[in-house]
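The values are calculated or read from the model by the stated rules, or taken from the named source; none is laboratory data. Keep in mind that what you see is a predicted model, and the values were worked out from it rather than measured. Cβ atoms come from the backbone with ideal geometry, glycine included; neighbour counts cover every protein chain shown.
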Amino acid sequence: MSDRASGPLAGRTALVTGAGSGIGAAVARRLAADGATVHAVDIDLDRVHALAEDHPGVSPVQCDLSDLAAVDALPADVDVLVNNAGRQHVSALPDFDPEIFSQILRIMLEAPFRLIRRTLPHMYDGGWGRVINISSAHGLRASPFKSAYVSAKHGLEGLSKVTALEGAAHGVTSNCINPAYVRTPLVEAQITDQARTHGIGEDEVIEKIMLTPVAVKRLIEPDEVAEFAALLYGPASASITGSSLTQDGGWSAR
């Protein structure tokens, strides 16, 4: 018997958004290693194809989550839903493009709502389900120049709690993971924007912007977040629900 066949998620199906890189790819790999059949969803089909080639049990799915009709066509028979996909835009409020604001909320709040709404009936029918929302320290705190991202993450926190309350009677849990800055393409891509907005050099962004609020002065690795996610679908997860679980190096302790 293979490790996958005897894993804790053998016979279960998972769906991970933003699975082409970073946290999403790490979580998809961990889910597959634990025996799940994983729908790895990303706007970049090549990236999830590469993930699937290296990890049995992973199935690549292309989807632009800002296209809500496409979101509504994603698989619904899912036992573990991981809402991870996101984008960032750094700009002062008077200059923030309203179209970008709307797009970020579609990707990071409305798409998770639609996926939760779509997958809960299957979870309810099976008497078991896990909704894991990759939030952020910015789901609990705010930073300047990130109005859309902070708004979306705060909304995701509320959506997760409502899901937890409605799902509890059906064996479904819902939680947020709240990391500080993780070493992902999303974080790396915003360094230039942060440098421009704050008027500092790119080499100063990590030290002066990203690591200033945290006590543990390091970026988090994606595999660390995947390990945290594994706790939330593992054997000790039944009573962990409605929570916002910080992995923020002490940011929210201040």
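Per-structure values
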item: Candidates A69, A73 - the one that is without any contact (Cβ under 8 Å) to a residue 24 or more places away in the chain, loosely packed, with under 15 Cβ neighbours inside 10 Å and either assigned to a loop (DSSP other than H, G, I, E, B) or within 18 Å of the chain's Cα centre (by Cα) (or both); result: A73
item: Residue check, A169 over 19 Å from V27 (Cα atoms) and among the aliphatic types (A, V, I, L, M); result: yes
item: Of all residues in region 197-212 being exposed (fewer than 13 other Cβ atoms within 10 Å of the Cβ) and assigned to a helix (DSSP H, G or I), the one that is modelled with the lowest pLDDT; result: D203
item: So A215, is it modelled with pLDDT of 90 or more, surrounded by 14 or more Cβ atoms within 10 Å (Cβ to Cβ) and more than 22 Å from A10 (Cα to Cα); result: no
item: Helices (runs of 4 or more DSSP H) wholly inside region 95-191 that include at least 3 residues being more than 28 Å from A236 (Cα to Cα); result: 98-105, 147-167
item: Residue within region 38-57 that is in contact with a Gly (Cβ under 6 Å, 6 or more places away or on another chain) and in contact (Cβ under 8 Å) with a residue 60 or more places away in the chain present; result: no
item: Count of residues meeting criterion [of a type in the set (A, V, I, L, M), within 18 Å of R141 (Cβ to Cβ) and in contact with a strand residue (DSSP E or B) (Cβ under 9 Å, 6 or more places away or on another chain)] in region 160-206; result: 3
item: Residue in region 169-196 that is modelled with the lowest pLDDT, counting only those that are charged (D, E, K, R) and surrounded by 14 or more Cβ atoms within 10 Å (Cβ to Cβ); result: D193
item: Boolean, S102 is of a type in the set (S, T, Y), under 27 Å from L81 (Cα atoms) and surrounded by 15 or more Cβ atoms within 10 Å (Cβ to Cβ); result: no
item: Residues that are outside any loop (DSSP other than H, G, I, E, B), out of contact with any strand residue (DSSP E or B) (no Cβ under 8 Å at 6 or more places or on another chain) and within 13 Å of I220 (Cβ to Cβ), drawn from region 235-254; result: W251
item: Filter result (farther than 17 Å from S135 by Cβ and either without any contact (Cβ under 8 Å) to a residue 40 or more places away in the chain or among the charged types (D, E, K, R) (or both)) within region 149-177; result: E166, A169
item: Residue match in region 236-249 (condition: free of Cβ contacts under 8 Å to residues at least 40 places away in the same chain and either within 21 Å of G24 (Cα to Cα) or within 17 Å of the chain's Cα centre (by Cα) (or both)); result: no
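Residues checked against (1) modelled with pLDDT under 95; (2) under 14 Å from D223 (Cβ atoms):
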| residue | (1), (2) |
| --- | --- |
| R4 | yes, no |
| A10 | no, no |
| T17 | no, no |
| S21 | no, yes |
| V27 | no, yes |
| A36 | no, no |
| H39 | no, no |
